[in-house]
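Accompanying notes for the structure given below.
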Amino acid sequence: HRALIVPFVCLVVALFSNERIDINKGVMSQAVSGTTELLHSNAQNIHGGKSYLKKRMKILIVTHLFPKISETFVVNQIVQLLQRGHSVSIWARKAGEEKVHEKVKEYKLIEKTYYKTLPADIQSYDLIICQFGPLGIEFLRHKQALHLKAKVVTFFRGFDISRYLYENPGCYDSLFRYGDLLATSSNAFRERLLELGADPKKTVVYYSSVDCSTFSYSEHSPSDKTIRILTIGRLIEKKGMEDVITALNMVIPRYSDVYLTIVGEGDSRIKRKLKKLIHRLGIGNHITFAGECTQAEVIQHLKNSHLFVLASKTARNFDQEGIPNVLKEAMAVGLPVITTRHGGIPEMVLDGINGYLVDEGRSDQIAKRIEYLIARPDLCKRVGVSARKTVEQMFESSHKGDELEQLLEQLIAL
C-alpha cells in the first residue's frame with residue numbers, strides 16, 4: 001500500500017502545478033505512473049533481475065468479436081505493438097460490426113484477423129494476448145494441448161472479473177497456476193485477483209491508453225444559454241444511463257436549456273426502458289440518442305459538450321467495470337467529468353481536483369454536481385486543465401505503449 005500512496009500524493013501535487021510535467025524525468029515519472037510502475041517491478045521480480053534483448057515479437061491478440069467499436073482499448077493495443085515493429089495477428093470468435101474504428105482501416109487489421117480457426121503457424125508465436133479472462137482459460141488449454149511455446153497473457157477488464165466470476169466460481173484456478181501473466185485494468189481488480197489466489201509476482205496493473213494528440217484539449221464551460229451534457233457507453237445496466245436521465249430531469253426545472261446526448265447502443269430492452277422513462281418524465285425534447293459512433297464522431301461530440309457524466313454502477317448480475325476509456329477520453333479533451341465511486345475510477349478521478357465523484361445510483365448527487373458546475377464556469381476550466389494533465393501523465397499512448405512492449409519483452413526473455 002505504501003507503494004500506492006506516494007504516487008497518489010505526487011499526482012495531486014502535479015495536478016495543482018501550472019507546468020506540464022515531463023513523465024520521462026525524475027521522481028514524478030514514477031509517481032504519475034502510479035500502480036503501473038508496480039507492473040514493471042513485478043516483471044523484474046519474475047525474471048530475477050535478468051537483462052533481456054529487444055527482439056521483434058510475434059503476437060496473437062485474442063478477443064471475442066473483432067472489430068468492435070466500443071473496444072477501443074483492443075485496437076489501441078494492437079496499433080501500439082505494430083508501431084513498434086512487432087508482428088501482430090488477431091484471432092476472434094466472430095466478425096464484429098460494420099462501423100469500425102478508423103485505425104482498423106488504416107492498419108488493415110481485418111486482413112490480419114483469423115476467425116475461429118487458429119493460424120497455421122501458431123507454433124511460431126511468442127505471445128498470445130487474451131482480452132478477457134474466459135479467453136485466457138480457452139487459450140491456456142490450446143497451449144497445453146498443442147504444446148505451444150507462446151506465453152499466455154490475460155487481460156481482465158470488467159465483466160470477466162465480476163459477473164463471470166460470480167457465475168463461475170473457481171473458473172480461473174488453472175489460469176492462476178499455469179498462465180504466464182495476468183494484467184488488470186485497475187488496481188482494484190488486481191486486488192480482487194490476489195484475494196482469489198493469483199500469484200502477486202505475475203499479476204500486474206496495466207492501464208489502457210489514450211492518444212492525447214487525437215483527443216486534443218480545449219476549454220469547456222457551460223454558457224449562459226444552452227448547456228450540453230454528454231454520456232457515452234453501451235446501453236447496459238452497469239453504465240447507469242437511467243441515473244443520468246433522472247438527474248437531468250432534476251436539473252431542468254432550474255436550467256431549462258440543458259440537453260443530454262447519449263452515445264452508444266446495446267441491449268434493446270434497456271433502450272426501450274430508457275425511452276419509456278424519458279416519455280414518462282416528459283423530457284424527450286432534452287435528450288438525443290446518437291447511437292454507435294466512430295472515434296471521429298465521438299471526438300466531435302466531446303468537443304461540442306460542456307459537461308461529461310458517466311454513472312457506472314454494479315449491475316444486478318454483479319457486472320462491473322474498471323476504468324472506462326470514454327472517461328479518459330473526456331478528461332483528455334478537457335471536459336469536466338462527473339462520475340461514480342465504482343471499480344477503478346477513483347484511481348484516476350480525484351474528487352474536486354480533476355473531476356467529481358458521486359455514489360453509485362445517486363441521481364440526486366449527479367444533479368447537484370451538474371448544477372454546481374453550471375454555476376461555476378471558471379471552475380470548469382480549472383478542473384478541465386487538471387483532467388487533461390491526469391491523462392497526459394497516466395495514460396498517454398506513447399509511454400503506455402513503451403511500458404507494454406517492455407513488459408512483454410521481459411516476459412518472453414524467461
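The values are calculated or read from the model by the stated rules, or taken from the named source; none is laboratory data. Bear in mind the structure is a predicted one, so any value in this text is a computation, not a measurement. Don't worry about glycine lacking a Cβ; one is built from the backbone with ideal geometry, like all the others, and counts go over all protein chains shown.
For the condition surrounded by 22 or more Cβ atoms within 10 Å (Cβ to Cβ) and either of a type in the set (Gly, Ala, Ser) or over 22 Å from the mean Cα position of the chain (by Cα) (or both), what is the one hit in GLY158, GLY170, GLY197?
Values: GLY170 fails: surrounded by 22 or more Cβ atoms within 10 Å (Cβ to Cβ); GLY197 fails: surrounded by 22 or more Cβ atoms within 10 Å (Cβ to Cβ).
Of GLY158, GLY170, GLY197, the one residue that is surrounded by 22 or more Cβ atoms within 10 Å (Cβ to Cβ) and either of a type in the set (Gly, Ala, Ser) or over 22 Å from the mean Cα position of the chain (by Cα) (or both) is GLY158.
Quick one: is ARG192 free of Cβ contacts under 8 Å to residues at least 60 places away in the same chain, part of a helix (DSSP H, G or I), not hydrophobic (A, V, I, L, M, F, W, C) and not assigned by TED's automatic domain parsing to the domain that holds LYS68?
On the way: free of Cβ contacts under 8 Å to residues at least 60 places away in the same chain: yes; part of a helix (DSSP H, G or I): yes; not hydrophobic (A, V, I, L, M, F, W, C): yes; not assigned by TED's automatic domain parsing to the domain that holds LYS68: no.
It is false that ARG192 is free of Cβ contacts under 8 Å to residues at least 60 places away in the same chain, part of a helix (DSSP H, G or I), not hydrophobic (A, V, I, L, M, F, W, C) and not assigned by TED's automatic domain parsing to the domain that holds LYS68.
Could you figure out which of (1) modelled with pLDDT of 95 or more; (2) outside the structural domain of LEU404 (by TED's automatic domain parsing) isn't true of THR113?
(2)
Select from segment 98-128 the residues that are more than 24 Å from the chain's Cα centre (by Cα) and acidic (Asp, Glu) and list them in ascending order.
GLU111, ASP121, ASP126
Tell me, please, whether a residue that is of a type in the set (Lys, Arg), modelled with pLDDT under 95 and within 16 Å of ALA198 (Cβ to Cβ) can be found in segment 169-179. Write out each step before concluding.
Let us first name the residues in segment 169-179 that are of a type in the set (Lys, Arg), namely 177.
Narrowing further to those that are modelled with pLDDT under 95: none.
No, there is no match, as no residue in segment 169-179 is of a type in the set (Lys, Arg), modelled with pLDDT under 95 and within 16 Å of ALA198 (Cβ to Cβ).
Do you know which residues across segment 281-297 are over 20 Å from GLU71 (Cα atoms), in a helix (DSSP H, G or I) and not small (Gly, Ala, Ser)?
Of the residues in segment 281-297, the ones over 20 Å from GLU71 (Cα atoms) are 281-288.
Okay, now just the ones that are also in a helix (DSSP H, G or I), so 281, 284-286.
Result: LEU281, ASN285, HIS286.
Name the strands (runs of 3 or more DSSP E) wholly inside segment 202-280 in which the number of residues that are farther than 25 Å from MET331 by Cα and free of Cβ contacts under 8 Å to residues at least 12 places away in the same chain is 1 or more. Quick ask: steps written out before the conclusion?
Numbers: elements: 203-205, 227-232, 258-263.
Once the strands (runs of 3 or more DSSP E) in segment 202-280 are filtered for at least 1 residues that are farther than 25 Å from MET331 by Cα and free of Cβ contacts under 8 Å to residues at least 12 places away in the same chain, nothing remains.
GLU392 versus (1) part of a helix (DSSP H, G or I); (2) without any contact (Cβ under 8 Å) to a residue 60 or more places away in the chain: which is the lone unmet condition?
(2) is the only condition that GLU392 fails.
Can you pull out the residues in segment 86-106 that are within 16 Å of ALA296 (Cα to Cα) and not in a helix (DSSP H, G or I)?
Step one: filter segment 86-106 for residues within 16 Å of ALA296 (Cα to Cα), giving 98-106.
Matches in segment 86-106: GLU98, LYS99, VAL100, HIS101.
Look at SER223 and say whether it is modelled with pLDDT under 95, over 30 Å from TYR255 (Cβ atoms), among the polar types (S, T, N, Q) and touching a helix residue (DSSP H, G or I) at 6+ places or on another chain (Cβ under 9 Å). Full working, then the answer.
Details: modelled with pLDDT under 95: yes; over 30 Å from TYR255 (Cβ atoms): no; among the polar types (S, T, N, Q): yes; touching a helix residue (DSSP H, G or I) at 6+ places or on another chain (Cβ under 9 Å): yes.
Considered against the rule, which asks whether it is modelled with pLDDT under 95, over 30 Å from TYR255 (Cβ atoms), among the polar types (S, T, N, Q) and touching a helix residue (DSSP H, G or I) at 6+ places or on another chain (Cβ under 9 Å), SER223 comes out as no.
Outside any helix (DSSP H, G or I) and of a type in the set (D, E, K, R): is that true of LYS149 in this structure?
Values: outside any helix (DSSP H, G or I): yes; of a type in the set (D, E, K, R): yes.
Yes; evaluated as a whole, the condition is true for this residue.
For the condition among the basic types (Lys, Arg), in contact with a helix residue (DSSP H, G or I) (Cβ under 8 Å, 6 or more places away or on another chain) and within 30 Å of ARG272 (Cβ to Cβ), what is the one hit in ARG192, ARG157, ARG228, ARG234? It would help to see each step written out before you state the result.
Values: ARG192 fails: within 30 Å of ARG272 (Cβ to Cβ); ARG228 fails: in contact with a helix residue (DSSP H, G or I) (Cβ under 8 Å, 6 or more places away or on another chain); ARG234 fails: in contact with a helix residue (DSSP H, G or I) (Cβ under 8 Å, 6 or more places away or on another chain).
After ruling out the rest, the residue left standing is ARG157.
Limited to segment 84-97, what total is found for residues that are over 22 Å from the mean Cα position of the chain (by Cα) and of a type in the set (Asp, Glu)?
The number of residues fulfilling the criteria is 0.
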